[in-house]
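Peer 1: Just dropping this structure here.
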């Protein structure tokens, strides 16, 4: 939630993995409010273009949208040097018992 972290990690040449659970909303708040019977009120978002954002900072961008290869891909990313921004499309379940 803070772009300064990306800039700092790139400038200092640190190894960092930033994972974005992308649901195009403040999804956890939206999901919790829905399960409590509250109305949805301005919680949907328009996200930036994450590949261009990563490129602008000099970081590597990855999108992991295949559950079958997730573990293998995230392991490769974690074991690779540099700053990596990992986007994971995500949807909250309707209701959790």
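Peer 1: Considering only 28, 19, 36, give the residue with the highest GNM mean-square fluctuation for the chain, with springs between Cα atoms whenever their separation is below 10 Å.
Peer 2: 36
Peer 1: Over what distance in Å are the Cα centres of region 57-92 and region 1-45 separated?
Peer 2: If we compute the Cα centre of each part, the gap is 15 Å.
Peer 1: Please give the FRET efficiency for residue 47 paired with residue 19, using the beta carbon to beta carbon distance and R0 = 22 Å, rounded to the nearest 0.05. Let's see the in-between values first.
Peer 2: On the way: r = 14 Å, r/R0 = 0.65.
Approximately 0.95, to the nearest 0.05.
Peer 1: Restricting to region 3-89, what percent of DSSP beta bridges are antiparallel, rounded to 5? Present the calculation step by step, with values, prior to reporting the outcome.
Peer 2: On the way: 1 of 12 bridges.
That works out to approximately 10 percent antiparallel.
Peer 1: Once you have all Cα-Cα distances for the chain, histogram them in 5 Å bins from zero and send the whole-percent values.
Peer 2: Values per bin, smallest distances first: 3, 12, 20, 19, 16, 14, 9, 5, 2, 0.
Peer 1: Using helices alone, what [θ] at 222 nm do you get for the chain, with -39,500 (n - 2.57) per DSSP H run of 4 or more residues, divided over all residues and rounded to the nearest 500? All intermediate terms of the calculation are to be shown ahead of the outcome.
Peer 2: Working: 4 runs with 35 residues, N = 97.
The helix contribution divided over the chain gives -10000 deg cm²/dmol.
Peer 1: Would you please put 66-73, 54-61, 82-89 in order of how densely packed they are, using the mean number of other Cβ atoms within 10 angstrom per residue and starting with the highest?
Peer 2: Numbers: 66-73: 10.4, 54-61: 16.4, 82-89: 18.8.
Per-residue Cβ counts within 10 Å, averaged per peptide and sorted highest first, yield 82-89, 54-61, 66-73.
Peer 1: List the relative contact order of the chain as a percent without decimals, with contacts defined as Cα pairs under 8 Å and 6+ residues apart.
Peer 2: On the way: 116 pairs, mean separation 42.2, N = 97.
Result for the chain is 44 percent.
Since every read-out is calculated from the coordinates, none of them should be taken as a lab result. Values in this document were obtained by computation on a predicted structure and should not be read as measured data. Cβ atoms come from the backbone with ideal geometry, glycine included; neighbour counts cover every protein chain shown.
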